[in-house]
Amino acid sequence: MGKPRDLANVVATGNILADGAVAPAELTGVNATAAEINILDGVTATAAELNLMDGVTATTAELNHVDGVTSNVQTQMDTKAPVADPTFTGTATAPTVNASTALQIGGVAVTATAAELNKMDGVTVSASDINTVTAKAPTASPSFTGDVTVTGDTFTITSSAQDDPVLLIQNTTNDSNSARLKFNKDRGAAAQDGDDIADIIFAGENDAQQAVTYAAVRVEATDVSDGSEDGTIAFQSMKAGTLSDSLKIDSGGDVGIGVSPSNPGWARNVHIHGSSNGGGLKLTDNTSGSGNDDGLDIASYQGIAFIINRENNDIRFHQNDTEKMRLSNGALLIGSTSGTFNGDAKIVLTPNSDSYFINNGQTLSLNRTSSDGAIVGFYKDQTSVGSIGAVNGNIKVSAYGEEYASLSGTSVTIDCRAGNNFALTTSGNTTFTFSNVPTSGTAFGFTLKLTSGGSHTITYPNSVDFAGATAPDAPASGETDVLVFYTVDGGTNWYGALAIDAAG
């Protein structure tokens with residue numbers, strides 16, 4: 001082989017040297033082995049192309065990254081998005097999420113769907129804002145702790161379920177305190193008399209689908225003076241298209257039903273007002289019905305007061321928790337519960353049986369405070385038939401007629417309680433007995449009309465003293481005698497006299 005040549009000269013000549021062999025000594029500066037140089041076998045690159053490697057400091061591993069590149073690397077890179085702040089056009093398609101290709105954040109697979117991830121579209125909050133989502137209440141069945149404040153004009157709870165929605169305010173503390181619903185009025189300035197403190201409104205629709213307030217509860221501050229504040233609460237209801245107070249309680253505890261409360265002087269007063277048919281109070285219990293014929297009514301109608309027991313039973317009046325008067329089956333009983341003459345009532349008035357009694361030795365006093373005149377008047381069919389009155393300190397009885405008792409038999413008892421006039425027509429020999437004579441100290445007398453039914457004898461009690469100590473002869477058959485009898489000592493001694501003898 002000829003003179004030594006460097007590798008560049010060998011490459012430049014483009015052919016094998018004439019001698020056909022190149023000794024290592026002939027390639028100055030070449031340290032590569034024949035195996036390494038043989039790698040260039042088949043290289044068709046030009047010297048200019050090979051010179052592109054001049055100055056390359058990439059490692060073998062770095063150069064191997066272009067292994068398999070078949071197109072312009074810059075063109076391919078121009079179609080790729082940068083890692084920082086990438087911008088996409090068209091539709092970005094993510095791989096199907098499965099166990100092997102799942103998108104992971106922090107090592108945790110993302111299982112959200114594209115539709116779910118798209119909900120973040122347009123979100124401009126920061127990462128720290130998003131991280132606070134865990135502290136937010138869900139919209140479905142939220143649960144709050146601590147104090148909750150809602151600002152705005154309307155807080156609406158809506159439900160289409162039957163008997164819903166329900167607002168539940170629950171106290172779970174183990175004590176005697178209750179849950180509270182509080183309404184607070186704050187003007188931001190000094191309150192004024194007449195301020196409405198709170199309204200609870202019950203609204204619905206009418207048949208024209210118009211919103212209507214059918215009832216309401218209203219609280220008003222009637223006096224806001226510091227230390228002497230007054231308030232009222234009114235329950236309102238709709239009637240004939242007008243919402244008005246149905247029941248109102250004022251600061252003094254007075255109650256007005258159908259009217260603002262008034263007080264005639266009681267510590268507490270309930271005022272019931274009827275606009276047309278009067279005002280009334282109706283009381284019933286579980287033994288009463290709900291119709292007009294049941295229960296007790298206390299009412300005022302056109303200036304007339306009514307106490308009506310619509311049940312078939314008594315009306316009773318108590319004092320000091322003891323019954324003092326009763327109206328029972330048309331009888332007025334005062335001082336007792338018995339409705340008979342033999343009971344213990346002080347006064348028994350039983351108009352249905354035309355009986356009027358004063359019992360237990362009680363005195364019925366009738367006092368006339370003006371000049372002399374009638375004290376008790378007697379009437380028949382609203383026409384006066386007589387009276388008992390006072391004149392010059394004495395009792396005056398107007399004209400009156402006495403009833404007589406008709407007797408019969410031959411053993412005849414004259415009952416002094418039966419009256420003061422008696423009549424007998426004899427039917428045989430007759431013996432008289434006097435009974436129930438008033439006690440001693442009471443004057444009592446009676447008249448006997450005696451008609452003979454034949455030739456009969458008459459025997460009088462031994463206590464009767466006639467003139468000359470001899471009883472008058474019995475009247476002849478068909479004749480009539482009139483006799484009078486008088487006693488003041490309870491019948492121990494009777495005084496008898498023949499007033500009329502042998503009257504036709």
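Distance cut-off 29 Å, Cα to Cα: go down the list 80/136; 182/282; 396/449; 324/396 and report the pairs above it. Before the final figure, lay out the partial values.
Values: 80/136 40 Å; 182/282 34 Å; 396/449 27 Å; 324/396 34 Å.
Distance filter (> 29 Å) returns 80/136; 182/282; 324/396.
In whole Å, what three semi-axes, largest first, describe the equivalent ellipsoid of the range 406-459 built from its Cα gyration tensor (square root of 5 times each eigenvalue)? Don't jump to the answer; show the numbers that get you there.
Working: eigenvalues 107, 22, 15 Å².
Whole-Å semi-axes of the equivalent ellipsoid: 23, 10, 9.
Taking only C-alpha pairs under 8 Å that are 6+ residues apart, what is the relative contact order of the range 411-504 in percent?
Working: 220 pairs, mean separation 26.7, N = 94.
Relative CO of the range 411-504 lands at 28 percent.
Ranking of 379, 460, 301, 495 by solvent-accessible surface, largest first: 379, 495, 301, 460 (1.4 Å probe, protein heavy atoms only, all chains present). The candidates 431, 145, 447, arranged from most to least accessible area with a 1.4 Å probe in the full protein assembly, appear as 145, 431, 447. Taking all protein chains as shown and a probe of 1.4 angstrom, residue 220 keeps an accessible surface of around 50 Å².
Two decimals, Cα atoms only, Kirkwood Rh: what is Rg/Rh over the range 419-487?
Numbers: Rg = 12.7 Å, Rh = 13.0 Å.
Using only Cα positions, Rg/Rh for the range 419-487 is 0.97.
Under conditions of 25 °C and 0.890 mPa s, the range 182-292 yields 148 µm² s⁻¹ as its translational diffusion coefficient, taking Rh as the Kirkwood radius over Cα pairs in the Stokes-Einstein equation.
A Cβ-based charge dipole, computed about the Cα centre of the range 97-197 with Lys and Arg at +1 and Asp and Glu at -1, lands at about 320 debye. Taking amide hydrogens as placed 1.01 Å from N in the peptide plane, the amide H of residue 490 sits under 5 Å from those of 440, 441, 442, each at least 5 positions away in sequence or on another chain. In this structure, the amide hydrogen of residue 325, modeled 1.01 Å from its nitrogen in the peptide plane, lies closer than 5 angstrom to those of 317, 335, counting only residues at least 5 positions away or on a different chain. Of the residues 154, 141, 184, the one whose Cα sits farthest toward the positive end of the charge dipole of the range 136-186, with +1 on the Cβ of Lys and Arg and -1 on the Cβ of Asp and Glu, is 184.
Measuring between their Cα centroids, the range 459-489 and the range 423-445 lie 11 Å from each other.
The values are calculated or read from the model by the stated rules, or taken from the named source; none is laboratory data. Worth saying up front: this structure is predicted, and the values here are computed from it rather than measured. Virtual Cβ from ideal backbone geometry, glycine too; neighbours counted across all protein chains shown. What goes into the accessible areas is simple: the full protein's heavy atoms, side chains included, and nothing from ligands, DNA or RNA. Shrake-Rupley method; radii C 1.70, N 1.55, O 1.52, S 1.80 Å.
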